[in-house]
1. Please compute the per residue accessible area over the range 198-275 with all protein chains in place, 1.4 Å probe, rounded to a whole number of Å².
2. Can you say what percent of the DSSP beta bridges in the chain, counting only those with both residues inside, are antiparallel? Round to 5.
3. Compute the distance in nm between two label points, each set 7 Å from the Cα along the Cα-to-Cβ direction, one at residue 235 and one at residue 201.
4. Given the alpha-carbon gyration tensor of the range 158-220, what are the semi-axes of its equivalent ellipsoid in whole angstrom, ordered largest first, with each equal to the square root of 5 times an eigenvalue?
5. Long-range amide H contacts for residue 21: which residues qualify at under 5 Å (H placed 1.01 Å from N, peptide plane, sequence gap of 5 or more or a different chain)?
6. Out of the total accessible area of the range 212-266 (probe 1.4 Å, heavy atoms of protein only), what percent is carbon and sulfur?
7. Amide H neighbours of residue 187 under 5 Å, counting only residues 5+ apart in sequence or on other chains, H built in-plane at 1.01 Å?
8. Out of every Cα pair in the range 209-268, what percent are spaced more than 13 Å from each other?
Amino acid sequence: MDILYHYCSVQSFLAILTSKRLWLTDVTKMNDSHEGRWAEGLVEALIADQSMPMSDDDRHSFLTGYRLNRPRPFLFCLSSEPDILSQWRAYANDGTGVAIGFSSSLFPRQEHFPSTNAVAALNTGLWPVIYEYSKQQAAIRSLFDEARVSPEICVVEGGKPEYQLLGALLAGLSPLLKNPAFREEKELRLIHTPMLMTDSMNKHSVVGTEYVIGQRVSNDQIVTHFEFPLPDPCIDVVKEVWIGPRSRLGVHDIELSLALNEYGKVVVKKSSATYR
């Protein structure tokens, strides 16, 4: 996947071009009401399975580690496909917006799951969302299987996993699991998980980020975000722009906006969806 697409309104499109920033948004403000909770249901079902070699104390220890270490992710959502009708309707102002095709090389990768981390270089990465229920279960079980042979996790006598540590490791998988009903989105997520702290005097601090934190109002909510900077100059950052099926924009409108903001030559296409 050389190009990844972000569906958005025309207003957001211009804001990205002019600010040269992408907003990584608080996961709790996403459109899926089970966002962040979907994974916990899967995890609870798995450890309740009597075929799992866990005592009640093991299960309690595991859930403690899982719940205490769930990251608070901030996301920028992308899709591997540029012309999906459900994406136009849900994220591009009912088809009147655009899909921005970014070079996939723009986004950092990590070998580990997302995790709250004080080291900025380790808490931002791009991961694909897992939708299929069987693959979600397999991803969770694979961590248990790995624990049986991993010296980092098998720290208790007899090779028994340290279940609180295992729960903490599995917590990082939670932002990557989503209700299968959303599978058509073919989503990948740029995820940022810094440490947000508030002391007894309500003094706020953020540890482990190189990005500016900000807030905006959306749908009568206060939404917190971090600003992911695009490289300067922005040549080859944007590879394509797709115009939505109900958009009133012309190709020349997009091309001029890109030119005025020095993004270079970019392919502009129109959606093939017959949606009015």
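1. On the way: 5050 Å² over 78 residues.
That works out to 65 Å² per residue.
2. Working: 41 of 46 bridges.
About 90 percent, rounded to the nearest 5.
3. It is 5.0 nm.
4. Values: eigenvalues 159, 121, 25 Å².
Gyration-tensor ellipsoid for the range 158-220: 28, 25, 11 Å.
5. Result for residue 21 returns 230.
6. Working: 1600 of 3230 Å².
Solvent-exposed carbon and sulfur of the range 212-266 make up 50 percent of the total.
7. When sequence neighbours closer than 5 places are left aside, the close amide H contacts are 129.
8. Working: 1250 of 1770 pairs.
Considering the range 209-268, 71 percent of its Cα-Cα pairs are separated by more than 13 Å.
The values are calculated or read from the model by the stated rules, or taken from the named source; none is laboratory data. Here the structure is a predicted model, which is why all the values come from computation and not from measurement. Please note: Cβ atoms are built from the backbone with ideal geometry, for glycine as well, and neighbour counts cover all protein chains shown. The area values use the complete protein model at the heavy-atom level, side chains included, leaving out ligands, DNA and RNA. Shrake-Rupley method; radii C 1.70, N 1.55, O 1.52, S 1.80 Å.
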